[in-house]
Every structure is written in C-alpha cells, then in structure tokens.
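In what follows, a single structure is set out as structure tokens and then discussed.
Read-outs throughout are calculated quantities, based only on the coordinates presented, and are distinct from any laboratory measurement. Because the structure is a prediction, the values reported are computed rather than measured. Backbone-built Cβ (ideal geometry, glycine too); neighbour counts: all protein chains shown.
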Amino acid sequence: MTISEAAEQVLFGKNLEEKLAISSFDLLDTARPHSLKTPHSPTRPSELKLSEKGVRSSFPGVNVLDQDKPRGELLHFLANHELLASELMALVLLKFPDAHTEYRRGVFEAMREEQMHTLMYIRRMKECGVEFGQLPLNSYFWRLVSPMRSPMEFVTKLNLTFEQANLDFSHHYAQKFREVGDTGTAAVLEKIYQDEIGHVGHGIKWLREWKAPQKSDWNAYREGLELPFSASKAKGLAPYNPEARRKAGLNEDFITNLSVYSQSRGRNPVLHWFNSSAEAHALAEKLEQPIQQRSRIQDIEQDLEFLMLAIAKQDDMLLLRKLPSTKHLQSLREADIPIPELIAQDDPSLSERKLGGLIPWAWSPDASRSLKRFKEQLPTSVPHQWSNALPHHWFSKEIGLKLTEMVGIPSDSLLISNVKELKTHLLESTEPQRIKPLYSCSGREQLIYDPFSSEEHAVAAIEKACKLLKNSQSLIIEPERKCYLDFSVHYDLEGEKAPAQLKGFCLMKNSEKGQFQSAHVAHKWSALLSEKARTTLFVQTNFKELYHEIIPNLLPKLLPNYHGPVGIDAFLYWDKADTLVLRPVVEVNVRYTMGRLALELMRKLYLQKGSLHIQPSKKELPEDALALNDPASAKTLQAYWVS
C-alpha cells in the first residue's frame, strides 16, 4: 500500500474501522496519481455524517469536567476534530501528489497520529457513556481548509492555525482533567499535546522553505491567511502557551506578535474611530469654512486614539492613524487588558471586511465623511449604522445652557455674539469672568478676565476675547467660581422612546484653564468623595432625583432621535458666603469623554476603582502607572492608568 492508497482509505473509508486503520509507516508512492478534485465532504458512515448547517453541540465548561456526561461530550467534540484533521491530511496527500517527498512523509506521519488521537478519544468517551456520532458533528474545519490551493495554504491553515491553537487547548485541559482526578483523559490530552508540537514544527519548517526569503515567518503566515481565517484562530480559548511554540520551533518575533494579535473569531467586528476634534469640525461646518487644524491638535488626536480600546470589545476593531508597537501591545497584554483588532486607516483589506457597526468618538462632520466608505459593509440589522453628522449646535456649549433651562435651574452664564456686548460686559464686571468659545473641548482656548488686574493685562485680555469671538462667532461668559470638586455624569441614549441609561459618575481633575488632567472612578462612586462633598450632594441637594430621574427623562427631548453616549460636566463650588453649591450642568457632551473611557476601563479590567491620567509625553510616568498609548511614539500627550 502506498501513501496515496493509505490516504484514500482515510478519506473514503466507508466505516470507522477502515478510516482509522493505521497503515505501515515506511511507505512511498512509486507512481504518483493525478491530483484529486476536492470532494464535497469526506466519506463517512451515516451516524458520523457532518452537519451541512454548521450546527454543533454545546461545549461543556471546565466546571463540569468531573461529571461523566459533560466529559464525554467534550471528548466527542474533540474526536470529530481529530478525525477531520486526519481526513484533511489525507486530502492534501491526494490533492498535491507532486509535493516534495519529505513534506508528504511528514504529512503521512501526522495523519497516522491524528488517527490514533481519534481512537484514544473514542475509547475514553465510551468509558464516559457517550458513543461517537451521538451528538452533532460540525464540518467547520473541512469547510475552511479543504478548498486549499497549495500545500503552503494547508500549512498556514491547519498546522499553523488550528493545530497551533491546540497547543493552548490541549495543555490547559490536560491540567484541568488532572485537577478533577481524571488522569486517563489527562494522559490522552498530554499525548496529543506532544504530537501537536511536532505538527506545528512541521508546518513552520515548510513555511520557511516556501516563503519569500526576505519575509519574516510572522508576515509570511499572516499574508497566507484569507478571511474568514485570521491569526487569532491560532490561539486556543485557553491561556496562551509560548513555551510550546518555542518547542515547535516558532521564533520569538512570531510568538510575541501572535500573543498580542486580535481579530474577530466570527462576529462581524464593530469599527471604532477616535475623532476628538469633533467640536472644531462642527464649527467649520457651521461657518461653511475649511477647518483650520493645528499640527499640535492632530498630534494629540493621534496620541490618544488608542484609548478607544476602552469601549471596544475584543472582537471589535480600532481604526488607527498609527499602529502601536508590538512591545507596547505586549505590555498591555501582560496587564490583562483585552486588545481589539488594530488596523491602519489606509489598509486596503478594510474594503473587503463585513462590519458589525460603526462607533466614532462623535458623529461630527469629519466622522460622517470619513466613515461613509464603510456604509455598504454594514448589515441593516446591526444597531450602530453610519450616520449623518449630528446638528452642529449639539457640539456647542449652547446645548448645556438649554438643558440647564429645561431642568429649571437659574444660570449665570451669558451667550454673547457681538463685540460691543462683549466689551461692555467685561468692563462692567465686578468679579473675574471665564470666557469660553462656544465650540471647544478640554478647556481649549478658554480665557480668564480679571477686572482687578492691571490696565495693561485687562486690555490684552479683552483683545484676546474679541479675537476669540471673531473666530467662533459666539462666546459663553460666566463668573469664575472657586471650584471645590469637578465631576461628570455619563449616559447612553437610545432615541426618544426611553429615558437615558445612567452609566456612572466620575471625579474629574482639571487644570485652572479647565483642561483635563485625570478621571477617577470607583464601583461605589461616593467613596471617592470627601465627607463635605457627600453631605452637600446627597443631603443638601436633590442629587439622586436630578441625575437618576430628571435629566434621564429630559435628554431624549433635548437630543431627539439620538443614539449614543452623553456626558454631563458639573461641579461643586464655594459661593461668596463660603457655602458649597452644586452647579448640576456646566456642559453637555454629545460624544464619548475621558470620564466615560475611565468608567469603561474600570469595568473591562474588573476593578473596584482606578484613574485615567493624561500628561505631557516628556514627563516621566509614575511607578505604578500603566501606559495606555505607546510611549515610544507619543508626540504630545501620554495617557496612563493607575489602579
């Protein structure tokens, strides 16, 4: 019997005994047959037919491995995978009879081992009371690997993807079975684990033989995969096992890159994009002028874009202007931060991807324009569809004034739109005034006018305010308050049919100019507050009613048909009588905010508390800090997390 005849027996055997009859090891093809056309499916007895619908039995969790039935169900699942692997190895031997003899001998040896693995699983599952074929058999491996066009494709798909993932799975589950006292199943998995190291080694050997010499192993592997395949499938749903990969012969570059790589395993990824200059784009649209974007602002946007990982799930995708280094991603992985798929804005493969939704920082004009190219890649059933830009005034501080009015709270903020009114108000003021452009964020371009300063400083401040008014058409002016505590409140809004959903509170630290410095969050937010703040908020004001009932019911009226995040800035300040006073609405942000990202990071990391900080990139990080954006490429700002 030749290698090809043995492969035919595995692929076309009509009963399990025939398919699993292990042939002699030392076989050669004396006359190679013609290439086999890929059959629709391998030949199997009726009880082992593969499901055409892709259904499968549920996968038992590790918490029930001490019970015979769930244990047998798991072994049934694994036996089908091993049988499919042997059938696929038979297929590659028959489909590519002219492949290198040494390669074919290696595949033949691996096929024999897969047959033995199947037999071991069948024997063990019978002892658990489960017969092979008793549960649905999925054709997933066959559907994805059998259309292969070359042995190289087989190497990347089976050896270096599915079998590499088994380095994690088999090792982890062998340990779990030993922990519950099932040494028999553990021994089976340990044997398979050792064999899989050899199969992956065989794959990497031939990848190196066939790839372009100038390409790294990792790049050659990645380029050899086509959707729905991805390198993420080369990691098992178990702890990552770099040592097994080293034993298989993978180099450190490959092992490290794979460890930090993410891509959806099946669900269409939601694409996230950071556009923190939303207010500037909204103003440019209002003025019907091209945006004047300074290079520093562009650098900030690039520096902080990676923070969107806080709201992205691991199966989602971040659209980035600049990809972070592998070294930085490895540091985040070591901190147990789930990393979504990262993709460059100009990556041509984006046009071929099916997406599960679009979530920018804000649906401002720039997001609407930039993300429109993905509109046709979205199923109509997903909730996060492409959107036209939101009304430009939703990005202005005017929306905060409107909510204040709806809540019924007196406001000392003044909206000024002409130079004469501006000068008159400032010259007649008897206390310092904070001047804010109507369209700005993070304290950008805010001014303080102090009537008690020198005449020279007062005149200069008025000139700056007039210039600011000319650039933005309108300003908000309000008395400068002695702030005791800044905080923000965060909601999700799903149109007009239901109140906004409260997501949490955040203690904010801002500079004197109102620029963001840090956001502090805790599972129990009140634990972050001083006793004085707690008494003022929870005893002396209608805090709970305001933020849990009144504002959630007003937001759908303020922002009709809006779906997305909303943040409200508020603060406690000392009045002239040295009494703490709550200003419940300072600004309304119809977008994500740093406070919201801090809340989401805390939940993603399963922490009780933590804080998100942003500082100049040249400043040294604190010892207990976890850098969030890549320190090696940050031009202006460094974001970090402290637990």
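Taking 12 Å as the straight-line reach from the Cα of LYS157, the aspartates and glutamates in range (excluding those fewer than 8 positions away in the same chain) are GLU223, GLU226. Translational D (Stokes-Einstein, µm²/s) of the chain at 4 °C and 1.567 mPa s when Rh comes from the Kirkwood sum over C-alpha pairs? The estimated diffusion coefficient comes to 45 µm²/s. Per residue, the average separation of C-alpha pairs within less than 8 Å and at least 6 apart gives the stretch 392-479 a relative contact order of 38 percent.
The trypsin sites (Lys or Arg not before Pro) found in the stretch 88-185 that occupy coil by DSSP, while having at most 15 further C-beta atoms within 10 Å, are ARG149.
Over the C-alpha atoms of the stretch 539-580, the Rg to Rh ratio, Rh being the Kirkwood estimate, stands at 1.11.
Counting only DSSP beta bridges with both residues in the chain, tell me the antiparallel percent, nearest 5.
Values: 54 of 66 bridges.
DSSP beta bridges in the chain are roughly 80 percent antiparallel.
On the beta carbon distance between ASP66 and ASN15, with R0 = 25 Å, the FRET formula returns roughly 0.15.
Determine the dipole magnitude for the stretch 270-391: charges of +1 sit on the beta-carbon of Lys and Arg, -1 on that of Asp and Glu, nothing else is charged, the reference point is the Cα centre, and the result goes in debye to the nearest 20.
Numbers: 14 positive and 17 negative charges, 32 e Å.
With Lys and Arg at +1 and Asp and Glu at -1, about 160 debye.
Under the combined filter of DSSP loop state and at most 10 neighbouring Cβ atoms within 10 Å, the stretch 464-542 retains these GluC sites (Glu not before Pro): GLU512. With helices as the sole contributors, the chain gives -12000 deg cm²/dmol at 222 nm; each DSSP H run of n ≥ 4 counts as -39500 (n - 2.57), and the sum is divided by every residue.
The longest stretch of the chain left intact once loop-based chymotrypsin sites (Phe, Trp or Tyr not before Pro) with at most 14 other Cβ atoms within 10 Å are removed from consideration, loops following DSSP, is 26-451.
First check a/c for the stretch 485-632, with a ≥ b ≥ c the square roots of the eigenvalues of its C-alpha gyration tensor; if it is under 1.5, answer rounded, and if not, answer prolate when a/b is larger than b/c or oblate otherwise. Oblate.
Backbone phi angles across the stretch 492-497, fed through the Karplus curve with coefficients 6.51, -1.76 and 1.60 (θ = phi - 60°), yield HN-Hα couplings of 10, 10, 10, x, 9, 7 Hz in residue order; Gly and Pro are listed as x.
What FRET efficiency would be calculated for the residue pair HIS457, LYS482, taking the C-beta separation as r and a Förster radius of 30 Å, to the nearest 0.05? Please report the intermediate quantities before stating the final value.
Details: r = 20 Å, r/R0 = 0.68.
With R0 = 30 Å, the Cβ-Cβ based efficiency is 0.90.
Listed cross-link partners LYS375/LYS464; LYS436/LYS635; LYS420/LYS532; LYS397/LYS532; LYS37/LYS176 are compared with a 32 Å cut-off, the Cα-Cα value being larger for LYS375/LYS464; LYS420/LYS532; LYS37/LYS176.
For the stretch 392-479, the dipole from Cβ point charges (+1 on Lys and Arg, -1 on Asp and Glu) about the Cα centre works out to 400 debye, to the nearest 20. Cross-link reach is defined here as a Cα-Cα straight distance under 12 Å, omitting same-chain residues fewer than 8 places apart; for LYS313 the aspartates and glutamates meeting it are GLU341, GLU600. The percentage of C-alpha pairs in the stretch 96-182 whose separation is greater than 15 Å is 73%. As a calculated quantity, the FRET efficiency between ILE297 and LYS619 at R0 = 25 Å, using C-beta atoms, amounts to about 0.80.
Let a ≥ b ≥ c be the square roots of the eigenvalues of the Cα gyration tensor of the stretch 270-391; is it rounded (a/c under 1.5), or, if not, prolate (a/b larger than b/c) or oblate? Mind dumping the intermediate values first?
On the way: a/c = 2.07, a/b = 1.25, b/c = 1.65.
It comes out oblate by the Cα gyration axes.
Phi angles across the stretch 80-90 convert, under the Karplus curve 6.51 cos²θ - 1.76 cosθ + 1.60 with θ = phi - 60°, into 3J(HN,Hα) values of 5, 4, 5, 5, 4, 4, 5, 5, 5, 5, 4 Hz, Gly and Pro given as x.
Counted over the stretch 99-246 with a bin width of 5 Å, the fraction of Cα pairs per bin, in whole percents, is 2, 9, 17, 20, 21, 15, 9, 5, 2, 1, 0.
For the stretch 392-479, the Kirkwood radius over C-alpha pairs fed into Stokes-Einstein at 20 °C and 1.002 mPa s yields D = 160 µm² per second. Ignoring lysines fewer than eight residues from LYS509 along the same chain, the ones with Cα atoms less than 17 angstrom from its Cα are LYS482, LYS609.
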